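Step one of this worksheet: look at the structure below.
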Amino acid sequence: SGAMYAFIEVRPDVLPDFSDQQFALELLEEKHVLVTPGSAFNVPYRNHFRTTILPDSATLQLVFQRIEAQLESWSARHGVKLSGSGARVVNATARFK
């Protein structure tokens, strides 16, 4: 059976200075979550990352909570004010491979 992935876009209008490689490194070091920078897939943009969607929904929920927390931390360090939970920072599309 194939794996299922989410290719997640960080909205450039919300976080214009986002770096997928830097974010992936910080996410691994600070939250112990491993994602692949989108630029590793030879795309010209640097505002995506890919994660595997696991069958265990509790684990997946925890992972995305950590990703959200890291995005909030990134935003604060780069002077971006996210207006509460209403601010959508990412767009995710599920892909089967």
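Can you find a residue in segment 54-66 that is under 21 Å from PRO12 (Cα atoms) and in a loop (DSSP other than H, G, I, E, B)?
no
Considering segment 38-65 alone, what residues qualify as being open to solvent by 40 Å² or more (accessible area, probe 1.4 Å), within 21 Å of ASP17 (Cβ to Cβ) and under 12 Å from the mean Cα position of the chain (by Cα)?
ARG46, ARG50
Taking segment 1-45 on its own, how many of its residues are in a strand (DSSP E or B), at pLDDT 95 or above and under 15 Å from TRP74 (Cβ atoms)? Please lay out each step first, then the result.
Going residue by residue through segment 1-45, those that are in a strand (DSSP E or B) are 4-10, 36-37.
So of that shortlist, the ones also at pLDDT 95 or above come out as 36-37.
This time we only want the ones that are under 15 Å from TRP74 (Cβ atoms), so: 37.
Adding up the residues that qualify gives 1.
The values are calculated or read from the model by the stated rules, or taken from the named source; none is laboratory data. Only a predicted model underlies this, so the values are computations on that prediction, with no experimental measurement involved. Please note: Cβ atoms are built from the backbone with ideal geometry, for glycine as well, and neighbour counts cover all protein chains shown. Side chains are part of the model used for accessible areas, which takes the heavy atoms of the whole protein and leaves out ligands, DNA and RNA. Shrake-Rupley method; radii C 1.70, N 1.55, O 1.52, S 1.80 Å.
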